[in-house]
Amino acid sequence: MRYCLLMHYQEGTEVGLTEEDMAPAMAAFQQYADDLSAAGVLIGTEVLESVVATTTVTARSGAAEIQDGPFGDTKEKLGGIFVIEVDNLDEALKWAQRNPANAWGSIEIRPVARTYAADRGWYNP
Amino acid sequence: MSRLREDQQARDRVAQVARDSYGRLLAVLVAPTRDIAAAEDGLADALERALARWPDDGIPANPEGWLLTVARNRLRDVWKASGYRMTEPLDEIEYASTPLDDDMPAVPDRRLELMLVCAHPAIVPNIRTPLMLQSVLGVEAAAIATAFAVAPAAMTQRLVRAKKRIRNAGIPFVLPEREDLAERLPAVLEAVYGAYAIDWQLAPPGAPIESLSAEALHLGLVLAELLPDEPEVLGLAALVCLSEARRPARRTAEGGFIPLDEQDTKLWDEVLIARGEALLQRAHDYWRPGRFQYEAAIQSAHCTRAKQGKADLNALRKLHRAVLRVAPSLGAAVASAAVDGEIDGPEAGLRALDAIGDPAVQGFQPAWTTRAHLLAEVGRPAEAADAYRRAIELTADPGVAEYLSRRLRRMTC
C-alpha cells in the first residue's frame, strides 16, 4: 500500500531556531531518507517552505479567493511529506515513528487513494 | 427418520457450526482482503445456503469446509464484479473454486491474527471488545449494544466505521514478531477482559447475549492455547475460569442475586476451578506477576471457601493492594475497602471507602452496597437504609435490586 507520511510541526523559525540549531535535524533527515531509499520503499518526499511563503486559493464561496497563508491557521503546520510504498499500516507506523519530526511534531499516516501518471491517468497505486 | 426431524437436525447442525466455528471461519475469510464486513456477508450467505441445502442434501462430512468454500466462492463473485483491490492476487490465496467434496483440509486457525486486528493500536479502544465479540464470536450488533448500554444504531455505526478503517488504513492481518507481539498483547488481553467484565446479567432474559460469559471464557482459553507461555494470558484465562465456576451459585432460579459469601459452594463448578487453578499455577511458574494473575489469585482465594469453609482474607488483602498498584480502578478500591472491613472491622472499612478520591464513586453501585453493609454492621440502620436506597437506584439489574430491597427491609422494620 502507498502511504503519505504528513509531517505536522511548529516551524523552526517560529520557535526561534537558527540554521545551526537545525543542523542535527537535517542530518537526521539525511539518514532517514537514505534508510527509506535503501529499504526500497521511498516513492518521493517534499519538505515544504515556511507558511510565510504559502498561498491558498478557494472558490468555495462562489468567487475566486486568494489567501495569504495556509488553509486553517493552526499552531502546527503541514511541514512536508514522505510518500512510501509498504505492505501495511504496521510498516508505515514503523517508518513514521522513525521520522525525525516525530520527536518535535506529529506524523499523520494517510493511505493514498488515487495517484496520477501521464501514461496511466488516475489509478490505485 | 421423519422429514421434520431431519430438517430440525440440519438446522441444529448449522446453528452449532455457526456457534463453534464462526470466528475461525471468519478469520480465514478476512485474511486476504482485511474486509471484515464483506467476509461477514459471505459467511452469512453460506450459513443461509446451508439452512436451505443441508435438509435435502444431507449434512456434509466437513461442515466447516463446506461453509468456507461456499463463502469464498460468494466473496470471489463479489470481488470480481467490483474489481476489488486486493493485497494478493486471487489465485495465490486459493480462491480457485474448490469442489464441495468431503475431504477438504481442516480450517486453519487465524483467530489470533483476527484478535490482534481488533485490538490494533490504530483502533479506538472502546470499540475493540465489541469488534472482537462480533468477529470472533459472531455476536449480533444489537446484542452487543445491549451489553454495552449503547443504542443499537450507534453501536452498529461504530462497528461499521472500525471495519472500514481496518480495510482502508491497511491494518495487517499477520502475526507480529515476538517482541512486537509482547507490545501488542496487553490490548488484546484488555479487549478479552472487556468481554468477560460486561455485566451480562443486564441483558434481558432470553437475549442472545445471555450465554456469552461462557463465550468470553472460550475466548480466554483460545488465547491461552495460542500463547501458552505468556503468564498474563494464562492469568486472564484462569481469572475467567475461576469466576465463571461460581456462576451457577450466583443467582436463584428466579434470577435473584446471591452475594459471594452466601453462595452454596456445592454449586461451584469444581472442574472449572481446577482448570483455573492449574492455569494460575502455570502462570505463577514464570515469576512475572501482573494484573490478571493478581485478579485470578483473588478469585482463587475466594474459591478456598469451598474446601476450607472460609476465604483467605489476608491473601485477599495483599492481592487487592497489588491490583490497586498495577491497575487502579474504582471496583478494585471498593473491593479492597470491603476486605479491610472484614479484617479490621466495619469502621475501618468505612474509613477506606471514605478515602476513595474518585468522584465517580458517588454513582458507583458497588460502593453504596458495600457502604450499606458496613453501616448496618456498625449499627447505623438509618444511614444504612439510605445507602441501600441509593444502591437500588443505581442498579439496572432486577435480581440485584430485589436482593438490596430485602436488605433494606431489614434496616427499616
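Numerical summary
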quantity: Centroid-to-centroid separation of segment B:113-165 and segment A:55-119 [C-alpha atoms, Å]; calculated: 29 Å
quantity: Charge tally in the Cβ shell below 12 Å around B:G349, where Lys, Arg are +1 and Asp, Glu are -1, B:G349 excluded; calculated: -3
quantity: Estimated 222 nm signal from helices in chain B, with DSSP H stretches of n ≥ 4 weighted -39500 (n - 2.57), rounded to 500; calculated: -22000 deg cm²/dmol
quantity: Rounded to whole Hz, the Karplus (6.51, -1.76, 1.60) HN-Hα couplings of segment B:4-11, x for glycine and proline; calculated: 4, 5, 4, 4, 4, 4, 5, 5
quantity: Inter-part distance where segment B:223-249 and segment B:314-346 are each reduced to a Cα centre, Å; calculated: 21 Å
quantity: Net charge contributed by nearby residues that have their C-beta within less than 15 Å of B:R321 (K/R +1, D/E -1); calculated: -1
quantity: Nonlocal Lys pairs with alpha-carbon distance under 28 Å, chain B (8 or more apart, or different chains); calculated: 7
quantity: Under 5 Å, built H, 5+ apart or other chain: amide partners of A:G80; calculated: A:M7, A:L48
quantity: Cα centre as origin, Lys/Arg/Asp/Glu Cβ charges: segment B:295-413 dipole, Debye; calculated: 300 debye
quantity: ³J(HN,Hα), Karplus 6.51/-1.76/1.60, whole Hz, each residue of segment B:289-303, x for Gly, Pro; calculated: x, x, 3, 6, 5, 4, 5, 5, 5, 5, 4, 5, 5, 5, 5
quantity: Long-range amide H partners of A:I43 with built H, under 5 Å; calculated: A:V83, A:I84, A:E85
quantity: Cut-off under 5 Å, modelled amide H: who pairs with A:T54 long-range; calculated: A:G69
quantity: Chain B: C-alpha gyration tensor shape, a/c 1.5 cut-off, then a/b vs b/c; calculated: prolate
quantity: Angle in degrees between helix B:36-57 and the longest Cα principal axis of chain B, rounded to the nearest 10; calculated: 70 degrees
quantity: Under Karplus coefficients 6.51, -1.76 and 1.60, residue-wise ³J(HN,Hα) of segment A:45-62 in Hz, glycine/proline x; calculated: 8, 9, 9, 8, 4, 4, 5, 3, 9, 8, 9, 10, 10, 7, 10, 4, 7, x
quantity: Among B:Y22, B:Y196, B:Y286: highest mean-square fluctuation, GNM of chain B, C-alpha pairs under 10 Å; calculated: B:Y286
quantity: Net charge contributed by nearby residues that have their C-beta within less than 15 Å of A:A33 (K/R +1, D/E -1); calculated: -3
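Every number in this text was worked out from the coordinates using simple rules, so none of it is lab data. Because the structure is a prediction, the values reported are computed rather than measured. Cβ atoms come from the backbone with ideal geometry, glycine included; neighbour counts cover every protein chain shown.
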